[in-house]
1. Give just the number: which of (1) touching a helix residue (DSSP H, G or I) at 6+ places or on another chain (Cβ under 8 Å); (2) over 21 Å from Ser314 (Cα atoms) does Ser385 not satisfy?
2. Where residues in segment 355-382 are of a type in the set (Lys, Arg) and in contact (Cβ under 8 Å) with a residue 12 or more places away in the chain, which of them is farthest from Phe318 (Cα to Cα)?
3. Looking only at segment 511-526, which residues are of a type in the set (Phe, Trp, Tyr) and closer than 12 Å to Leu482 by Cα?
4. Would a scan of segment 7-15 turn up a residue that is assigned to a strand (DSSP E or B) and either surrounded by 15 or more Cβ atoms within 10 Å (Cβ to Cβ) or hydroxyl-bearing (Ser, Thr, Tyr) (or both)?
5. Starting from segment 429-458, take each residue that is among the basic types (Lys, Arg) and list its partners that are open to solvent by 40 Å² or more (accessible area, probe 1.4 Å) and modelled with pLDDT of 85 or more, counting only C-beta distances under 7 angstrom and pairs at least six apart or across chains.
6. Could you check Leu47 against (1) touching a strand residue (DSSP E or B) at 6+ places or on another chain (Cβ under 8 Å); (2) buried (at least 18 other Cβ atoms within 10 Å of the Cβ) and say which number it fails?
7. Six or more apart or on different chains, Cβ under 7 Å: which pairs go from a residue in segment 332-353 that's open to solvent by 10 Å² or more (accessible area, probe 1.4 Å) and at pLDDT 85 or above to one that's of a type in the set (Asp, Glu) and outside any helix (DSSP H, G or I)? Could you list them?
8. Taking Tyr363 as the residue in question, decide whether it is open to solvent by 40 Å² or more (accessible area, probe 1.4 Å) and part of a helix (DSSP H, G or I).
Amino acid sequence: METLFIADDEISIRQGLKYIIDWEALGFSLCGEAANGEDALAGILALRPSLVMLDVKMPKMHGIEVINRAREAGYQGKCIILSGYSDFKYAQEAIRNGVSFYLTKPIDEEELYAAVREIRETLSTEKQKSRHLASYKSKAKNIVLHELLTNTLDAPLTEDDITHFHLQADTYQIVICEDFHKHSVNAPYTFADLLKVINRENNIFEHLEIDNKDVVLLKGSHGLHKLNDFLKHYEERPIQEGSPMESMFLTYGRPVTELTDVHLSYEDASVLLNRRFFCRQGQHALGYEMLPGASLEEPNSPPLYDFLALSEESLSEFSKQFTDYIQSYNRAMIADTLHELESGLLKSSKEIKEIKLFLTDLYLQTKEAINRSHAAAEIPFMSNSAVIEFIERRNYLYEILHFLSEQFEMIMNAIGNPSKDTVIYDVLFYIDHNFRDNIKLETIAPLFGYNSAYLGKIFNRMVGESFNSYIDHKRIDHSKELLLEDKLKVYEIAEQVGYKNVDYFHKKFRKYVGQSPAEFRKAAEK
């Protein structure tokens with residue numbers, strides 16, 4: 001429905017205009033009226049009606065001046081001038097200001113009806129053209145964005161192109177979103193859905209689909225801050241059931257300052273999307289910082305390289321270690337070696353299928369070695385084909401490592417009867433060697449063959465404090481040693497002992513020591 005605004009200083013004429021024709025049948029509804037020129041101008045600029053019927057001679061401001069000022073303020077609606085004069089000068093000036101019709105009083109009903117019908121048809125045509133133009137622009141923009149991200153542009157974008165497509169910004173970053181639950185058809189939320197809530201001026205992101213991937217181009221520091229705030233929110237709080245992040249998995253590439261480098265950020269995010277296999281349990285985001293290989297600070301960074309060669313030599317070495325630790329019931333070293341294996345694989349650029357094959361061979365070689373040494377033991381091994389199928393079907397590395405941990409625990413139980421209480425000393429050994437990492441009870445408990453709740457209880461009972469408190473004490477004690485050496489800055493020491501956030505390190509240090517790191521160092525110098 002189009003809108004109508006009537007301005008005339010005579011109330012009888014305004015009332016007559018409302019009923020002289022069937023406005024609703026012609027697709028119009030009255031949105032406002034005015035009795036003088038000043039009120040007419042204010043109403044037009046506030047309501048932006050589709051059609052204004054405006055008397056020429058009104059108090060406070062002439063009708064021609066009203067429409068002239070409205071045009072200068074950006075009003076682009078249609079206008080019918082009503083006048084008791086047939087003066088050609090008025091008509092000329094009205095036409096110059098984009099007036100559609102100049103009708104003289106008394107108004108002829110048929111003439112008014114014909115004018116309004118023609119205006120209605122013009123409005124419909126213009127809206128259709130506008131929709132088509134918007135559609136063409138949208139398609140053109142999507143093509144440009146697609147080629148920009150895939151680095152297939154035939155020619156660089158000009159400054160006019162960048163302005164035309166609203167791509168000007170001081171920094172850019174790519175985010176790819178997919179369903180966290182791999183077997184779901186459609187996720188209830190996407191990252192773009194969340195951004196739309198705060199993107200009121202449509203200036204912080206662009207959204208498109210590339211190869212069935214949901215892609216967001218963040219524009220400007222404000223857009224990048226929104227991503228950081230979003231990630232920080234979910235890092236600091238457990239993901240609640242029904243929250244948007246529960247259904248999303250995000251990868252994000254490096255920030256770049258040049259639009260011509262945005263394809264590098266897209267390439268990062270695409271590579272990371274194929275590395276979901278390396279995610280921790282429940283992890284919902286992977287960033288460019290987690291890519292294997294060299295630094296990504298420069299656009300043309302060196303090629304990726306392997307920190308762990310998936311060779312026969314490394315396979316034999318890991319198999320021998322696990323075989324020895326199993327036979328000595330050394331759960332701590334099994335956990336430590338699994339952690340070492342995981343760290344190496346996280347930095348590997350090998351294909352997932354190669355990594356799965358390596359882990360399958362690792363288990364089968366270890367199984368064969370144990371069978372040779374303990375031929376008389378009744379060990380309930382899975383068949384080789386079942387192991388191969390199980391590992392092949394896993395979506396994540398942590399699932400395979402948990403499987404190996406459980407199998408090694410099963411073997412130890414089958415070949416001997418170690419005391420269950422010794423597991424706490426093994427856990428302490430593991431913590432003492434890995435407290436700098438982001439270790440959590442729920443992630444290391446399976447490495448020792450326990451669920452986290454049970455292990456937490458026996459840890460608290462035997463050690464006298466909680467798992468997290470013990471780790472904090474280890475970190476703070478080591479940080480005190482580093483502070484006394486006086487070789488590193490406080491934020492460097494925080495990172496060295498496992499605190500990524502220096503403010504959080506300050507808080508923990510003051511809690512356990514009673515003073516800040518700087519105060520502790522200064523007091524030691526006296």
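1. Answer for Ser385: the failing condition is (1).
2. Of the residues in segment 355-382, the ones of a type in the set (Lys, Arg) are 356, 367, 372.
Filter once more, keeping what is in contact (Cβ under 8 Å) with a residue 12 or more places away in the chain: 356, 367.
Values: Lys356: 15, Lys367: 13 Å.
Step by step, filter segment 355-382, then rank; the result is Lys356.
3. So the first thing to find is which residues in segment 511-526 are of a type in the set (Phe, Trp, Tyr), and the list is 512, 520.
Within segment 511-526, just Phe520 meets the criteria.
4. Within segment 7-15, the first condition is being assigned to a strand (DSSP E or B), and the residues that meet it are 7.
Checking the rest, the ones that are also either surrounded by 15 or more Cβ atoms within 10 Å (Cβ to Cβ) or hydroxyl-bearing (Ser, Thr, Tyr) (or both) come to 7.
Yes - at least one qualifying residue is present in segment 7-15.
5. Final answer for the pair search is Arg436/Gln496.
6. So Leu47 meets the others, but not (2).
7. Lys350/Asp306
8. no
The values are calculated or read from the model by the stated rules, or taken from the named source; none is laboratory data. Keep in mind that this is a model prediction, so the values were computed, not measured. Every residue, glycine as well, gets a Cβ built from its backbone with ideal geometry; the counts of neighbours run over all protein chains shown. When the accessible area is computed, the model is the full protein with side chains, heavy atoms only, and any ligands, DNA or RNA have been set aside. Shrake-Rupley method; radii C 1.70, N 1.55, O 1.52, S 1.80 Å.
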